[in-house]
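Notes for the one structure printed next.
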Ligand SMILES: Nc1ncnc2c1ncn2[C@@H]1O[C@H](COP(=O)(O)OP(=O)(O)OP(=O)(O)O)[C@@H](O)[C@H]1O
Ligand SMILES: [Mg+2]
């Protein structure tokens, strides 16, 4: 750290908020360190009032005294961007958790911070420009191979205007801090390009030429999502649901199976054990697209519920920044945040300590705008070289009492493109994924024909209303035709919308298989059955369902699959 | 020489304010009052003002009482000497034994680096089918029992503790009824388990805020023993009392409540305790079973609600039985794939059928004609309730699975069960 840091003195401690009286000047959102004994605790300036400033401390504040020294760094809370991020596990401030563990053992040591990118690691750089070339921020000067990707080394995002290459390193191995190019702008100012650049997490990276409308469906391989409530590449969606409804399991499934290049999992204020499951599973799982371990395309940001609260907020921003960085390379990036409610609660805690005027349920008035600007970071972009990159964001929401009429869910629903609402009833009945097929919605289009989908939804609706009716008038009070519609809806739900997350085949359905299976569903939905009694009808659908449950677990287009299909077709034509 | 401060500026609720220097955040202090010495903890610093939360409550504190800062945060002793001992909510002996002073260390230490955790893989067998079959308990799990007052939750807690194969039991009582305290103590003694137990007991007659330290002490001790390789089971009853004490302090400190008076950080407060449950690589583990009583039988009440978002499932205790709906062990899939090949299918289908049974009951109660299918479900549901749900049942997992197949085959045809055909071929009882 520099010797000429501006200093201040602690004058108050209230939870993770520390008030400091400073001497010269401070900058909003700059990083400061509070010295406690021989520990330096990272903090961020969040309010300035006269000669006093309030800091949110990213650590446990136990032991801080009035009179302790604070040092201001003049830097905004930033992350390091460069090759070597993939496959890593970071905390909300981008500390590498594995290296912390090697160094400090079982527990997270307060005030211990390490570089995000490993010092001394060399990367094979290949220049892609020559002297005299003119570039804008975000355009590449060269590439390095990182895992299965070509990692672009780009003109620093913070530079404005056009820059000319005046020096460029030849192909070779360099560490991330080595200058690989020198550039000069029209005013003659020169700047260095290294493989590493720093970027403040709360500022979006916008070094692209324009933002496009997300239209293409993102194949998640979760049938209910892809068919009924699809997500677009570069779009946004949220998954609110009461505890235990299946938000995390669903996000894990998406992170494993979605057809994207890079996945960033931001575990924000949730259970550590869930992250450990990813850490143990992913290295073993093979990505069918690349044939490599899933970990090679994944970055995990992990600020679990017992880790310092203030870093929860930064963890979602850290995730978004890393995601935007890879989007700049023309890749499709998927950011999954579990749970955005914890981040909102961290904001609420801090707002309460600042004694701001509270809004609904004590959340601060700026909750909505913060949530909106977070999802705004998603998007399909056209880069300056004409290629496209995307960032799709999915956020879990944990509404208090499972009631969607609460500030975080409502603020999120205003800004996302799809709503996957999880239902307590479906989860209790073990109908997974427990996305409510009728309440949920999406503004994006599916890869399955929309009028066919509308038909399926209509039968679900009908089935539900017949179900309701039966509760009032009994089975005897409805016609056989209505009863069959009821059964069709239940059947479609059971064998198509529900998916067994613990079956190797059923857990992920490719778009080809979905189209194929949906066509069969469509036939069944359209088919006019003539059953002589309700019991016979029920029996028929029970057997059909039985057949399909096994069908779903057979490999697509395998002999067994075909055999089962012809059995099913026979059963249908006999009916 | 320790300095005393004898000017108390403010007494509000259980929080007092003094002017003092060189005091650190969360430091402990002692207050000497007419009635004795009480422990207090710094909860806020503001220039020279120091806010202290008084664990014994502020009743009887007078403005000229003496406050002495102890220059350390809350600590607890940890050694073999703890075994078989009973302490109160402050960590003072409750059993007439000597106070412990050896090997003292801070409670509420840092959290475990997630990179150092391992995925838990050991099932804890309880002999209760509703747990073993439907919601297996796993070593290092954190799991609450959601219950209304009056249910036998402490009995259930004790029964699981006695049946679980663990090296150590740590019981934390918060607002525990004296009878329940004696029940736990006697049960542990009868089963010869007291000598591997440590009890921190705050009873209903103790000052309410004094229970705030109980979870931290229990978990700090558990952590030390787990690091030495012990499998530790921590029982906390009742976390709603703990949360209510947090609420009391928050209101006194004029914090803006988020929901029904509870502070906005209730989630974080509870999480930092529950997350102490862990399975250490090459060392022991901590499993946490807690009781959360639900005021008004309402799960959406902030305490059970926040708890549900933190823990790895929950058991609902209702009418003396563990309810199949809503009860959930989120770690069950870590273990129930390796028990028996039919375990998961039995678990899923029997619950789904039980849900259908509940619907049929509803129909019946509304006077509708019962179809042949309804009749089957009614029969099924009754048997499920009597033979699997009742807490009187105490059988090993395998026997419970066999019983499941028996009930199914007595009532249904194989196809009606919706089970995968390969399982039916293997397990359907031959008549
Ligand atoms: N798709 C699924 N298939 C099978 N079981 C599931 C599925 N989704 C969820 N479950 C079951 O529900 C449990 C809870 O799911 P999950 O952890 O995803 O809930 P959550 O909504 O994230 O809850 P919380 O808000 O408390 O984190 C899982 O442990 C699992 O037992
Ligand atoms: Mg979750």
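The values are calculated or read from the model by the stated rules, or taken from the named source; none is laboratory data. Given the structure is predicted, the values throughout are model-derived calculations rather than measurements. Positions of Cβ are generated from backbone atoms using ideal geometry, with glycine treated the same way; all protein chains shown enter the neighbour counts.
Considering the conditions (1) outside the structural domain of residue A:297 (by TED's automatic domain parsing); (2) buried (at least 22 other Cβ atoms within 10 Å of the Cβ); (3) closer than 30 Å to residue A:180 by Cβ, residue A:70 is excluded by exactly one of them, (3). The listed residues are B:82, B:52, B:45, and the only one of them that is surrounded by 14 or more Cβ atoms within 10 Å (Cβ to Cβ) and in the same structural domain as residue B:208 (by TED's automatic domain parsing) turns out to be B:82. Residues in segment A:234-257 that are within 16 Å of residue A:333 (Cα to Cα) and either more than 8 Å from ligand 1 (Cβ to nearest atom) or touching a strand residue (DSSP E or B) at 6+ places or on another chain (Cβ under 8 Å) (or both): A:234, A:235, A:236, A:237, A:251, A:254, A:255, A:256, A:257. Considered as a group, the residues in segment A:320-342 that are away from chain B (no Cβ under 14 Å) and within 16 Å of ligand 2 (Cβ to nearest atom) include one that is surrounded by the fewest Cβ atoms within 10 Å (Cβ to Cβ), and that residue is A:336.
If only residues of segment A:410-430 that are within 14 Å of ligand 1 (Cβ to nearest atom) and more than 14 Å from every other protein chain (Cβ to nearest Cβ) are counted, the one that is surrounded by the fewest Cβ atoms within 10 Å (Cβ to Cβ) is A:421.
Residue A:398 satisfies every condition listed in (1) at pLDDT 95 or above; (2) away from chain B (no Cβ under 12 Å) except (2). Per the listing A:399, A:433, A:407, the residue uniquely surrounded by 18 or more Cβ atoms within 10 Å (Cβ to Cβ), more than 30 Å from residue A:150 (Cα to Cα) and more than 16 Å from ligand 2 (Cβ to nearest atom) is A:407.
When residue B:26 is tested against the conditions (1) within 14 Å of chain A (Cβ to nearest Cβ); (2) buried (at least 19 other Cβ atoms within 10 Å of the Cβ); (3) more than 21 Å from residue A:110 (Cβ to Cβ), the lone failure is (3).
Where in segment A:1-62 are there strands (runs of 3 or more DSSP E), lying fully within it, with 1 or more residues that are farther than 29 Å from residue B:269 by Cα? I'd like the intermediate steps shown before the answer.
On the way: elements: A:6-14, A:17-22, A:30-36, A:39-49, A:52-57.
In segment A:1-62, A:6-14, A:17-22, A:39-49 are the strands (runs of 3 or more DSSP E) which contain 1 or more residues that are farther than 29 Å from residue B:269 by Cα.
Selection within segment A:436-457: residues that are within 16 Å of ligand 1 (Cβ to nearest atom) and in contact (Cβ under 8 Å) with a residue 60 or more places away in the chain. The member of this set that is surrounded by the fewest Cβ atoms within 10 Å (Cβ to Cβ) is A:440. Across segment A:413-430, the number of residues qualifying as away from ligand 2 (no atom under 16 Å from the Cβ) and modelled with pLDDT of 95 or more comes to 7. Could you please let me know if residue B:120 is crowded, with 16+ Cβ neighbours inside 10 Å, without any contact (Cβ under 8 Å) to a residue 60 or more places away in the chain and under 28 Å from residue B:242 (Cα atoms)? Considered against the rule, which asks whether it is crowded, with 16+ Cβ neighbours inside 10 Å, without any contact (Cβ under 8 Å) to a residue 60 or more places away in the chain and under 28 Å from residue B:242 (Cα atoms), residue B:120 comes out as no.
Does residue B:290 satisfy being buried (at least 24 other Cβ atoms within 10 Å of the Cβ) and within 12 Å of chain A (Cβ to nearest Cβ)? I'd like the intermediate steps shown before the answer.
Numbers: buried (at least 24 other Cβ atoms within 10 Å of the Cβ): yes; within 12 Å of chain A (Cβ to nearest Cβ): no.
Criteria not met by residue B:290.
If the condition is being closer than 18 Å to residue B:73 by Cα and more than 14 Å from every other protein chain (Cβ to nearest Cβ), then segment B:39-59 contributes B:39, B:40, B:54, B:55, B:56. Looking at residue A:509, is it under 26 Å from residue B:423 (Cβ atoms), within 16 Å of ligand 1 (Cβ to nearest atom), more than 14 Å from chain B (Cβ to nearest Cβ) and in contact (Cβ under 8 Å) with a residue 24 or more places away in the chain? Criteria met by residue A:509. Taking the criterion of being more than 10 Å from chain A (Cβ to nearest Cβ) and out of contact with any strand residue (DSSP E or B) (no Cβ under 8 Å at 6 or more places or on another chain), the residues of segment B:316-344 that qualify are B:319, B:320, B:321, B:338, B:340, B:341, B:342, B:343.
Please note which strands (runs of 3 or more DSSP E) are completely contained in segment A:201-313 and include at least 3 residues that are within 14 Å of chain B (Cβ to nearest Cβ). Step through it out loud before you land on a result.
Numbers: elements: A:210-212, A:236-240, A:262-268, A:298-303.
Result: A:262-268, A:298-303.
Scanning segment A:524-537 for residues that are under 23 Å from residue A:457 (Cβ atoms) and either in contact (Cβ under 8 Å) with a residue 24 or more places away in the chain or facing chain B (nearest Cβ under 10 Å) (or both) yields A:524, A:525, A:526, A:527, A:529, A:537.
Look at segment A:461-472: where a residue is on the phi < 0 side of the Ramachandran plot and within 14 Å of chain B (Cβ to nearest Cβ) and a partner is part of a helix (DSSP H, G or I) and exposed (fewer than 14 other Cβ atoms within 10 Å of the Cβ), sitting 6+ places away or on another chain with Cβ atoms under 8 Å, you get A:469/A:477; A:470/A:477; A:471/B:362.
Only residues that are away from ligand 1 (no atom under 16 Å from the Cβ) and in a strand (DSSP E or B) were counted in segment A:319-348, giving 4.
Of the helices (runs of 4 or more DSSP H) that lie entirely inside segment B:354-431, those containing 3 or more residues that are within 14 Å of chain A (Cβ to nearest Cβ) and more than 30 Å from the chain's Cα centre (by Cα) span B:372-384, B:421-427. Taking the stated definitions as given, is residue A:273 buried (at least 24 other Cβ atoms within 10 Å of the Cβ), free of Cβ contacts under 8 Å to residues at least 12 places away in the same chain and within 16 Å of ligand 1 (Cβ to nearest atom)? It is true that residue A:273 is buried (at least 24 other Cβ atoms within 10 Å of the Cβ), free of Cβ contacts under 8 Å to residues at least 12 places away in the same chain and within 16 Å of ligand 1 (Cβ to nearest atom).
Given the options A:358, A:364, name the one that is more than 16 Å from ligand 2 (Cβ to nearest atom), more than 10 Å from every other protein chain (Cβ to nearest Cβ) and over 21 Å from residue A:88 (Cα atoms). Working first, answer last.
Details: A:358 fails: more than 10 Å from every other protein chain (Cβ to nearest Cβ).
Unique residue meeting the criteria: A:364.
The criterion of being outside any loop (DSSP other than H, G, I, E, B) and farther than 25 Å from residue B:380 by Cα holds for residue B:292.
Only one of the numbered conditions (1) in contact with a helix residue (DSSP H, G or I) (Cβ under 7 Å, 6 or more places away or on another chain); (2) within 11 Å of chain A (Cβ to nearest Cβ); (3) within 15 Å of ligand 1 (Cβ to nearest atom); (4) part of a helix (DSSP H, G or I) is violated by residue B:299, and that is (4).
Here residue A:370 fits the description: under 19 Å from the mean Cα position of the chain (by Cα) and surrounded by fewer than 23 Cβ atoms within 10 Å (Cβ to Cβ).
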